[in-house]
Amino acid sequence: MITQDNITLSQRLAAPTPKFFKTLRTIGLTLAAVGGAVIAAPVAPIIATIGGYLLTAGTVASAVSSLPVDFNKLNEQQ
C-alpha cells in the first residue's frame, strides 16, 4: 500500500490526479498559452508585462497541480 509518507517523486507524477487538480492544470496551461501569445504580439510594454505575469502564473499553477495524488485510485490499481 502506497501512502503519502512512502511515495517517490516519479511515482507521484505517474499516479492518478484528483479531478479538481486536472481542471486547475488545464486552466494553468491555458493561462500560460495566453500569456505567451500576448508576449509574442507587438503590444504596449504594460500589456507585455501582464502577459509575463499570466505566463508565470499559468506555469506555476500547472506544475503545482501535477503533484497531488488520489491515493484511493492509486491503491485500487495495485
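Side notes on the structure shown:
- LEU54 touching a helix residue (DSSP H, G or I) at 6+ places or on another chain (Cβ under 6 Å), at negative phi and open to solvent by 60 Å² or more (accessible area, probe 1.4 Å): no
- Exactly one residue among THR49, THR30, THR59, THR26 is surrounded by 15 or more Cβ atoms within 10 Å (Cβ to Cβ) and either part of a helix (DSSP H, G or I) or in contact with a helix residue (DSSP H, G or I) (Cβ under 7 Å, 6 or more places away or on another chain) (or both), and that residue is THR59.
- Verdict on LEU74 being modelled with pLDDT of 95 or more and either closer than 30 Å to ASN6 by Cβ or open to solvent by 50 Å² or more (accessible area, probe 1.4 Å) (or both): no
- Of all residues in the stretch 33-46, those that are in contact with a helix residue (DSSP H, G or I) (Cβ under 8 Å, 6 or more places away or on another chain) and not hydrophobic (A, V, I, L, M, F, W, C) total 2.
- Residue pairs meeting the criteria (Cβ under 9 Å; at least 6 apart or on separate chains; first free of Cβ contacts under 8 Å to residues at least 24 places away in the same chain, in the stretch 1-15; second in a helix (DSSP H, G or I) and surrounded by 10 or more Cβ atoms within 10 Å (Cβ to Cβ)): GLN11/LEU74
- Failed condition for GLY35, given (1) open to solvent by 50 Å² or more (accessible area, probe 1.4 Å); (2) without any contact (Cβ under 8 Å) to a residue 24 or more places away in the chain; (3) not aromatic (Phe, Trp, Tyr): (1)
The values are calculated or read from the model by the stated rules, or taken from the named source; none is laboratory data. Not measured: the values here are computed from a predicted model. Don't worry about glycine lacking a Cβ; one is built from the backbone with ideal geometry, like all the others, and counts go over all protein chains shown. Heavy atoms of the whole protein, side chains included, go into the accessibility calculation; ligands, DNA and RNA do not. Shrake-Rupley method; radii C 1.70, N 1.55, O 1.52, S 1.80 Å.
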